Amino acid sequence: MGLWLIRALFAAIFTAATFYLKPFDLSQWAALAVGLVVALAIIVFEITVRHSSLKTLIGAALGSTLGIVGAVLISSIVENMKFLPANTATFFQVLILGVMGYVGLVMGITKGDMLNLSFGGLFAERPTKKSAKLLDTSVIIDGRVADIVETGFLEGQLLVPEFVLRELQMVADSADSIKRNRGRRGLDILQRIQKEPSIKVQIIEDDYPEVKGVDMKLIELAKDTGAKIVTNDFNLNKVAQLRGVDVLNINELANCLKPVVLPGETMRVFILKEGKEYNQGVAYLDDGTMVVVDNARKMIGKTIDIQVTSVLQTTAGKMIFGKFQSNGEPQPRSEFEREPRVTRA
């Protein structure tokens, strides 16, 4: 409310000054209209600039200043060209000033993100497509990305946008205890990653006020920076791929790391519970893969050897189907004397 009051006061003062000063020999009412239009244009420009990052503003200021300085130097040379008519020389000077100032402003805005405002340097190279990764809110809360970083399999530069941090803070401040704990876990995971010396975490101030939703902002930021998105969100994964953005999905990585089991192999599992079908038992591998075993209903609570019959890959993960042959097989061990849950025969 206070900011809009200041804007209204500025527009009123500027319009009144134009009304009484009457620039360009305008009539009072024409000067009033011109002053009001210019004041509104300045306010709209100020609102647009407010959403820009500090690096963009500094880059625009430096670029436009360098462009104007270059235009003044070139204009002094044009002024000394006696063979040019006065009107033509003035036209060239104005043209050079406009072109150099405009080009400098645009280049400063475009390259503003290369500025390094931290102590010890002014410029930093923009993250390259091969090394930079954008972290999604879901993958930060999930926490497995910290383990991947610590093992050294994830290299390059990790980028965390400001709007992702705001979403994490909103979750951490939620009235729901479950959401609050998830948000605080995400903040702890970020601190854990920042302490890892092998990788650099950078906070990105870029925002897209005209874009709704954190996922769509991530996609737009990935397009501008050329970075890959690290996530475990299925929907974000699909939308990003449709828009031509590279995605690193933690869930897909976990599925790829699961042990490969082929039909006909023998494996040892612990039957945990009864299956949905008749005379079935259900076991789980150490990575959470479900194993459905025929003829194993009576073996609940025991470790047995089974033969793999088929492997089914679903959207939720991998499922293994097997059968238990009691004839000729060694006697199953009880729960208290069983071996580790899964071993290859």
Top of SER64, SER27, SER75 by mean-square fluctuation, Gaussian network on the chain, Cα under 10 Å: SER27
query: The list (1) 52, 50, 35; (2) 109, 48, 36; (3) 63, 45, 40 gives values of Cα extents along the principal axes in Å, and only one came from this structure; which label was calculated from it?
result: (2)
task: Of the options LEU62, ALA89, PHE321, report the single residue whose Cα projects farthest towards the positive end of the charge dipole of the chain (beta-carbon charges: Lys, Arg +1; Asp, Glu -1).
output: PHE321
field: Most fluctuating residue given options THR110, THR18, THR231, as computed from a GNM of the chain linking Cα atoms under 10 Å
entry: THR18
- prompt: With a 10 Å Cβ neighbour count serving as the proxy for reagent exposure, in which order, fewest first, do THR56, THR266 appear?
  reply: THR266, THR56
message: Using amide H atoms built in the peptide plane, which far-off residues or other-chain residues are under 5 Å from ASP136 H to H?
response: VAL230
field: Principal-axis tilt of helix 28-50 within the chain, Cα atoms, nearest 10 degrees
entry: 30
query: Roughly how big is the stretch 2-113's charge dipole about its Cα centre, with Cβ charges of +1 (Lys, Arg) and -1 (Asp, Glu), in debye to the nearest 20?
result: 140
- request: Take every DSSP beta bridge whose two residues both sit in the chain, then give the antiparallel share in percent to the nearest 5.
  value: 55
message: Can you show me the helix-derived [θ] at 222 nm for the chain, built from DSSP H runs with n ≥ 4 at -39,500 (n - 2.57) apiece and divided by the number of residues, rounded to the nearest 500.
response: -15500 deg cm²/dmol
query: For the residues ILE140, ILE13, what sequence is obtained by ranking on other C-beta atoms within 10 Å, fewest first?
result: ILE13, ILE140
- prompt: Which ordering of MET170, MET100 is given by a fewest-first count of other beta-carbon atoms within 10 Å?
  reply: MET170, MET100
- request: Classify the stretch 132-256 as rounded, prolate or oblate from the Cα gyration tensor: take a ≥ b ≥ c as the square roots of its eigenvalues, call it rounded if a/c is under 1.5, otherwise prolate when a/b beats b/c and oblate if not.
  value: rounded
message: Connecting C-alpha atoms closer than 10 Å in a GNM of the chain, tell me which of GLY70, GLY59, GLY35 has the biggest fluctuation.
response: GLY35
message: Angle check, please: helix 162-172 long axis (alpha carbons) against the longest principal axis of the chain (alpha carbons), in degrees 0 to 90, nearest 10.
response: 50
- request: Can you tell me the dipole magnitude for the stretch 146-274 around its Cα centre, using point charges on the Cβ only (Lys, Arg +1; Asp, Glu -1), in Debye to the nearest 20?
  value: 420
query: Helix 177-194 versus the longest principal axis of the chain: what is the Cα-based angle in degrees, 0 to 90, to the nearest 10?
result: 70
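The numbers here are math on the coordinates, done by the rules we state, and not lab data. All figures in this text were calculated on a predicted structure; none of them were measured in a lab. FYI the Cβ positions are ideal-geometry reconstructions off the backbone, even for glycines, and counts take in every protein chain you see.
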